[in-house]
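Undergrad: My structure is below; once you've seen it, I'll send some questions.
The values are calculated or read from the model by the stated rules, or taken from the named source; none is laboratory data. All values reported here derive from a predicted model rather than from experimental measurement. Cβ placement follows ideal geometry from the backbone for every residue including glycine, while neighbour counts extend to all protein chains displayed. Note: areas computed on protein heavy atoms with side chains; ligands, DNA, RNA excluded. Shrake-Rupley method; radii C 1.70, N 1.55, O 1.52, S 1.80 Å.
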Amino acid sequence: MTKHKSATLPRATFDPIALEVLRNRLEATIEEAASTIQRTAISPVVTEGLDFSATLLDADGRLICGGGFVKYHWWAAAHAVKSTIARYGDAIAPGDVFLANDPHTGGGLHLGDVMVQRPIFVGNKRVAWAALSSHLMDIGGMVPGSFAPAATECFQEGLRIPPVRLFRADVEVTDVWDLVRTNIRLATQGEMDLRSLVAGCHVAQERIAVLAESMGVEDFAAGIAMLLESCATEMRRRIGMIADGTYEAVNWAEWGEEFFRIPCTLVVDGERLVFDYTGTAPQAPHFFNSKLYIIESGLGQSIGWMLAPDLPFSQGLFDPMELRCPEGTVVSSIAPAPVNAAHIHVAKVAYETGVECLRLALAASPDAPARQYLTGWQAGTAMGVSTWTTVDGSGKQEVFLLQEGAKSGSSGGVGKDGIDLAWSLIGADFPTGFTDIEMWEAWYPVTVFEKRSRLGPNGTGEFRSGAGCQMVVGPRGVDHMTGMMLGIRRWLPLNGAAGGWPGATNEFLVHHADGTAEEVGAQDFDVVVQAGERFEVRSASGGGFGDPLNRDAHQVARDVEHRRIDRADAESVYGVVFADGVEPDLAATAERRHELFADRLHRSQPPIRPLSATDIKRLATEGDPLPFYPGVVQRGPVAFSDSTGAVLAIAPDHWTDGCRVLEEPCDREGPPVVIRSYLDPVSGRSLYVEAVPAGEPRSFRSSPRRWTRQVVAQDTDGRSGRRPSRSRAAGSGRAAKGRTAV
Amino acid sequence: MTKPSRTKPSLCVGVDVGGTFTDVVVSDGSNVWRAKALSTPDDVGRGVIDACMAVAQQLGLSASAMLARVERFGLGTTAVTNALAAHTGLRTGLITTRGFEDILPLSRGQLVREDGWLAPPAQIVPRERIVGVAGRIDRDGAETEPLDVDEVLGAAAHLIEVEGVEALAVSFLWGFRNPAHEDLVLSAIEAAYPGIPCISGARLYPVIREYERTMLAVLNAYVAGAFTGIDALTGRLQELGCKASLLLVHSGGGSITVPEARRFPIGLAESGPAAGVAGALAVATTSNVGDLVTCDMGGTSFDVSVISGWSPTRQTRGDLMGYWTPLSRVDIESIGAGGGSIGWVDARGMLRVGPHSAGAVPGPACYGRGGEAPTVTDALVVLGYIDPSGFLGGGMALDSELATRSCDLLGRLLGLDPEETAWGIRQIALEGMARAVRSRLVNRGLDPRQYALISYGGCGGLFTADIARLIGSPTVLVPALASVLSAFGAATSDIRRERVCSLAVPLSVGPAPIRGAAEDLATQVEDDLASDGIAAADRSVVVEADLRFTNQVAELAIRLPSPSVDAAMLDRVQSEFFTEYGKRYGSGSLMRSVPTEVVTLRAIGTGRTTTARLPQRRLSTNRTAATSGSRSVRVARGAGGLEKVDLYVVDDLGPGSSISGPALIDAHDTTIWVPAGMTARVDRWSTFVLEVTR
């Protein structure tokens, strides 16, 4: 990735006023380019789904700012432009417009997200680039819509376009347009949408050229460099407040009943973040394979949102960050790996695993303001959309997307319950629009029988998750409808945080006319729903925050009143007991919770490294406690449970080593997954809860340098303070057991 | 003091009840008087009467003598706005289709709050006050599952007796297509609970899209109680001898009678801003400008709306104070930039302005009420644009030292001196406003070079000329009534009645069903106007069709030549749709093979009323404008940026006066900045017209 250059710039020309004015004008311009797309594109995925973006880059392809609705595109745009520069170098001339879509050679997020790029010139001097992207409804390949779960090679997925010219010196390269038109379905619509991107590029060229010329091209470049640098400087300062150390997490992508291991190790070193995905599963013949820049884009978006919600989203956010993704794995696949879901499957698992590493680091960083944003895993990284095809009596075909399946419920966070249906299809902070049921029924041959927030506990915790969407639909006026599931997180739920339980997984069901129901796999295609039958999607949720047995009993009562959960859930999951009426019986609740904590301890395994009283006595435990993880503090070389004072570990062992461990299988069909909670050995309160494929060891490790460097004095039985940990680390590269695929 | 003309004794009164002040404008056709009084939020009518007494004094009349001569009394009110903003509406419950009870609580889009978290949607009806009942109507209006009235009564009993609701809304899927189920609910509730207002979504606003139709019904029920103050005012005005019945400005920019407002109170949610646009249009019309952007800069916000072809841009679906509704209204965008907007330094060390505002309390530092952060107003004082002794016509003295000190404190963080800091605050506020105005136009495919700007509200006059220069707009209008334009709008807007009906049929369906619906709507609106007391000769009704390509989201309103639709008319409508669409989205974006759909029909009735007029004066072609001194104003950064500019007082100017910039014009409670290279002249209606000097 691009490193920042030291600023040897005419600083005197710029100050906090001029730079802010410049930023305002640059952002206004790219928003204008984006609005041009919205006005001139014609396909509903753009005009209604708002799946488009415009990105402004400097002369070398460094990200200045973006507009439109899909921030996920912006870093991909930077990658696309850098690929174009690498391929064409000095041959890039005024009036050129480039097109690319192939992630293997320089495209956008997937084949459908075409990148139209225009170098912006003042005279013969290139001063910037505009790169515009929208999702073409079809880009050719083996199935309409080009999402082909059955593809085993990228050649089957659609037209692969390396950076090529659509215009050369303002003259249309008609050969290329013909080639594209010939190879895609809905060619007229596709061409119009492409032209809308070209139109947006022209708007950016005109406005930026005038601005750069009025400032002078040298000053324009210097001003942009200073804007990016000011952001990078602040980003580095914020990273500097995160505790140095190594933080590891592992998670798994799913295909059918197979798991694909994706470990991440984050090294926080001064003002740098390095995310290393070494140990990731090899690429596989499924369209879920991804690319480094796509994971970086998702990671940058999430990290920007946690560390820098107030900073302009620009190159400056990415400069202090590095990704390492070994080639030939699902996180950095090479051709001919199929990649048309490169942005919505493995990528989501991978970047969210990286974000979990950052959350572990923030949890151990007393000085980092961003620790206030601790939550469970982002629910936007679970999705359960499906596409459907119907043919009516006259032979008319309809293809439509049930996007409500992507509306998972967000994880709980510090002091906050999650929000229902809060996460978008793409991008964390823009939820795509809701479909009106009447519009849907008017457009498509379907009836909607139910649409609600998913019932049941979802991700439980002191602060619970929101609920995903639960929707039931059936064919109307046609014999049947045929579906293709684009789902992830069928088996392995998203984790919570701070001892909150993992969330709900995506579920797809067909209800037969006889009242029976049949489960559908998350990547199944040719799912047929006959007239009189119904299809149901129950979309996933994130996890809870904090132990559910610590949830305020009145909040639980309110959830019952709102019919989110019933009283049986309230008692079994939250330990809340009701007498008469809607108010909880607080005395009975305290009693019940006491029993549930005791029961947990009774059923749990003893710590892998129990500590004796003498261990503790000889250790100095003075000084201020430092946070290690919510509920866990470090005093010198000792990790304690914050609420009971129970000693959990002595440095450099992992703090979970002194926890009792409760492992419970997920009660359902399919590949075995266990929910494992690390308990305070005294109270039974959950401190960290993880969902892992059965047989997998602990899936995270938090090793702040201030902890691993603690030296414990030699004691009488000869045990040294610096000893290799016997606990199992995540991301160590060891082969997975059980039904995992690695 | 000007005496009211004896030959035209009837008066038009317009009142705008704002958060702080209640403004009043009185016109007799040849003269205009204005006054202000403090608003009285606990009893709206008191502030209104106070304002009337103040203005009557200027006419040399008692309040009752003045009111006896009033032929029209128009009111822009924040009563409904306040109920929504302060969440003081009635405790409301909803009965809806079973299986869909969660839809309303799931908002459209979440807000990212300032602290970085997503905000859960505002809940006007929490989930426990929503009950689903069996019964389905399908998309063709056919009943597929019957409604059980006993179940409805059970739901109502629960909501009223257990949940304690004070108002009910009922809204079912496809109810607009066949309101039979909602009608059954209405009559059952009315019989069982006569004291509880019950609003049917299908009857209130029969348009497709369940979420927004339901939301509007719920909101209408919620604000049903916001009307007590208006009723009291009506009584007081009658006691004082006012024979004119009160007219209220609604969000659509027209007026409605009190009974209609009581039926549809949510229509008043944007009454004040809509009145401002109506006033702006009235002024622009006299100056013969039909394409313009209205720029209303107040203490906390900068409100922008576009008028094209003498017609305010309208919006039929969108966010209304945080709630997504289908309410047809004037499309006004508000950004957080006003006189009270605060300058601050962000994490990168850059200077930023707003959206935080010092509000009225503590207000800008120069108010001397304890505010320490520098605001836009403070910057304008430091830079010399605002005369601290002459603020609000001298009614309020400002402390320029406090202004300078606040800029100094901020400047230390930036390494800038107070004047440079003040310059930066003004410049960055200006960039933000210019960006808002420009994007308002270009996002609709409109060319800023063909649009004038009209400026009103607090300190707009100090910015609008520079905004125009930044975006390439040729002309700026500053009305003489700039500081009370909403009140003037309330005195000038005609009665406007609307009814809608969702069709959702392809244009190819042929004229018969469209004609049937259009004629029904037109007749109903004609009857509405008649019931408002509008004589037949003063009534006019037009019907619009909202068209779009099938499956699109955005719709275009095309006016039907008459409700008597025939095949030839549909052909014309089709081709007009293609033309408009091409104009707006580029002709290359047209796909004629996609069927065109008629989504909604809307009948708009206008009832001509007696309205206030701007007084017209004789244009003196050879009037010289005498300066009343000069002031040192910073017109550019750095050394040499300080310039002595001529100062004019509006009373010394008259129609025909012409002033070359740089100059400042003190126009009572507002100041106008004329930059170098621009000329300001006063037209026959006392409007300042600023243009680039030729």
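Undergrad: Sort out for me the strands (runs of 3 or more DSSP E) sitting completely within segment B:255-332 that have 2 or more residues that are farther than 23 Å from B:V484 by Cα.
TA: Output list reads B:318-320, B:323-325.
Undergrad: Can you tell me which residues in segment A:607-638 are over 16 Å from A:T656 (Cα atoms), modelled with pLDDT of 70 or more and open to solvent by less than 30 Å² (accessible area, probe 1.4 Å)?
TA: A:G636, the sole residue that qualifies.
Undergrad: Can I ask one more? Would you pick out the residues in segment A:679-689 that are open to solvent by less than 10 Å² (accessible area, probe 1.4 Å) and either in contact (Cβ under 8 Å) with a residue 60 or more places away in the chain or in a strand (DSSP E or B) (or both)?
TA: A:L679, A:G684, A:S686, A:L687, A:Y688, A:V689
Undergrad: Select from segment B:425-467 the residues that are aromatic (F, W, Y) and within 21 Å of B:Q315 (Cα to Cα) and list them in ascending order.
TA: Matches in segment B:425-467: B:Y451 only.
Undergrad: Right, something else. Which one is modelled with the lowest pLDDT among residues in segment B:493-539 that are open to solvent by 50 Å² or more (accessible area, probe 1.4 Å) and among the aliphatic types (A, V, I, L, M)?
TA: For segment B:493-539, the residue satisfying everything is B:V509.
Undergrad: Here are some conditions: (1) open to solvent by 30 Å² or more (accessible area, probe 1.4 Å); (2) more than 14 Å from chain A (Cβ to nearest Cβ); (3) not in a loop (DSSP other than H, G, I, E, B). B:A169 meets all but one. Which one does it not meet?
TA: The failed condition is (1).
Undergrad: A follow-up question, please. Quick one: in segment A:58-80, of everything that is within 26 Å of A:W305 (Cα to Cα) and more than 24 Å from the chain's Cα centre (by Cα), which residue is least open to solvent (accessible area, probe 1.4 Å)?
TA: It comes out as A:G61.
Undergrad: With (1) within 14 Å of chain B (Cβ to nearest Cβ); (2) open to solvent by less than 60 Å² (accessible area, probe 1.4 Å); (3) within 19 Å of A:Q38 (Cβ to Cβ) as the list, and A:Q205 as the residue in question, which single condition is left unmet?
TA: The one condition A:Q205 does not meet is (1).
Undergrad: Taking segment B:184-201, which residues are without any contact (Cβ under 8 Å) to a residue 60 or more places away in the chain and either farther than 20 Å from B:V125 by Cα or open to solvent by less than 10 Å² (accessible area, probe 1.4 Å) (or both)?
TA: Scanning segment B:184-201 gives B:L184, B:S187, B:A188, B:I189, B:E190, B:A191, B:A192, B:P194, B:S200, B:G201.
Undergrad: Can you work out which of the residues in segment A:135-158 that are closer than 24 Å to A:Q397 by Cα and among the polar types (S, T, N, Q) is most open to solvent (accessible area, probe 1.4 Å)?
TA: A:Q156
Undergrad: Does segment A:39-55 contain any residue that is over 24 Å from the mean Cα position of the chain (by Cα), open to solvent by 20 Å² or more (accessible area, probe 1.4 Å) and more than 14 Å from every other protein chain (Cβ to nearest Cβ)?
TA: No, the conditions are met nowhere in segment A:39-55.
Undergrad: Let me ask something additional. Would it be correct to say that A:S302 is touching a Phe, Trp or Tyr at 6+ places or on another chain (Cβ under 7 Å), surrounded by fewer than 24 Cβ atoms within 10 Å (Cβ to Cβ) and either within 14 Å of chain B (Cβ to nearest Cβ) or not in a loop (DSSP other than H, G, I, E, B) (or both)?
TA: Yes.
Undergrad: Also: When segment A:157-195 is examined, which residues are found to be over 20 Å from A:T105 (Cα atoms) and within 14 Å of chain B (Cβ to nearest Cβ)?
TA: Passing the criteria: A:E172, A:L186, A:A187, A:T188, A:Q189, A:G190, A:E191, A:M192, A:D193, A:R195.
Undergrad: Let me ask something additional. Looking at (1) of a type in the set (S, T, N, Q); (2) open to solvent by 20 Å² or more (accessible area, probe 1.4 Å); (3) facing chain B (nearest Cβ under 7 Å), which is the only condition A:S35 fails?
TA: (2)
Undergrad: Mind checking which residues of segment A:188-206 are touching a Leu at 6+ places or on another chain (Cβ under 8 Å) and farther than 17 Å from A:N101 by Cβ?
TA: Scanning segment A:188-206 gives a single hit, A:A204.
Undergrad: Tally time: how many residues in segment B:53-102 are closer than 30 Å to A:S453 by Cα and among the hydrophobic types (A, V, I, L, M, F, W, C)?
TA: Count: 8.
Undergrad: For B:V542, work out the one condition from (1) open to solvent by 10 Å² or more (accessible area, probe 1.4 Å); (2) within 12 Å of B:P511 (Cα to Cα) it doesn't fulfil.
TA: Exception for B:V542: condition (2).
Undergrad: Go over the candidates A:M215, A:M142 one by one and state the one that is within 30 Å of A:F525 (Cα to Cα), away from every other protein chain (no Cβ under 14 Å) and among the hydrophobic types (A, V, I, L, M, F, W, C).
TA: A:M142
Undergrad: Quick one: which residue in B:H158, B:H181 is out of contact with any His (no Cβ under 9 Å at 6 or more places or on another chain), under 20 Å from B:G99 (Cβ atoms), surrounded by fewer than 20 Cβ atoms within 10 Å (Cβ to Cβ) and in contact (Cβ under 8 Å) with a residue 12 or more places away in the chain?
TA: After ruling out the rest, the residue left standing is B:H158.
Undergrad: So for segment B:362-384 (the condition being modelled with pLDDT of 95 or more, away from chain A (no Cβ under 14 Å), farther than 29 Å from B:L453 by Cβ and surrounded by fewer than 22 Cβ atoms within 10 Å (Cβ to Cβ)), does at least one residue qualify?
TA: no
Undergrad: What single numbered condition from (1) assigned to a helix (DSSP H, G or I); (2) in contact with a strand residue (DSSP E or B) (Cβ under 6 Å, 6 or more places away or on another chain); (3) buried (at least 24 other Cβ atoms within 10 Å of the Cβ) fails to hold for A:T280?
TA: A:T280 satisfies all of (1) assigned to a helix (DSSP H, G or I); (2) in contact with a strand residue (DSSP E or B) (Cβ under 6 Å, 6 or more places away or on another chain); (3) buried (at least 24 other Cβ atoms within 10 Å of the Cβ) except (1).
Undergrad: Can B:G225 be described as open to solvent by 10 Å² or more (accessible area, probe 1.4 Å) and either in contact (Cβ under 8 Å) with a residue 12 or more places away in the chain or hydroxyl-bearing (S, T, Y) (or both)?
TA: yes
Undergrad: Tell me, please, whether a residue that is more than 21 Å from A:L56 (Cα to Cα), β-branched (V, I, T), over 33 Å from the mean Cα position of the chain (by Cα) and buried (at least 16 other Cβ atoms within 10 Å of the Cβ) can be found in segment A:159-175.
TA: Yes.
Undergrad: Being assigned to a helix (DSSP H, G or I), of a type in the set (V, I, T) and away from every other protein chain (no Cβ under 14 Å) narrows it down to one of B:T404, B:T421, so name that one.
TA: Result of the check over B:T404, B:T421: B:T404.
Undergrad: Name the pairs whose Cβ atoms lie under 7 Å apart, with the first residue in segment B:563-574 and open to solvent by 20 Å² or more (accessible area, probe 1.4 Å), the second part of a helix (DSSP H, G or I) and among the aliphatic types (A, V, I, L, M), and 6 or more positions between them or separate chains?
TA: What qualifies is B:P563/B:A518; B:P563/B:A522; B:Q574/B:L507.
Undergrad: Follow-up question, since we're still on this one. Give the number of residues within segment A:452-472 that are surrounded by fewer than 24 Cβ atoms within 10 Å (Cβ to Cβ) and at the interface with another protein chain (Cβ under 7 Å from one of its Cβ atoms).
TA: Number satisfying all stated conditions: 1.
Undergrad: Select from segment A:554-568 the residues that are part of a helix (DSSP H, G or I) and open to solvent by less than 40 Å² (accessible area, probe 1.4 Å) and write down the one among them that is farthest from the other protein chains (Cβ to nearest Cβ).
TA: A:V556
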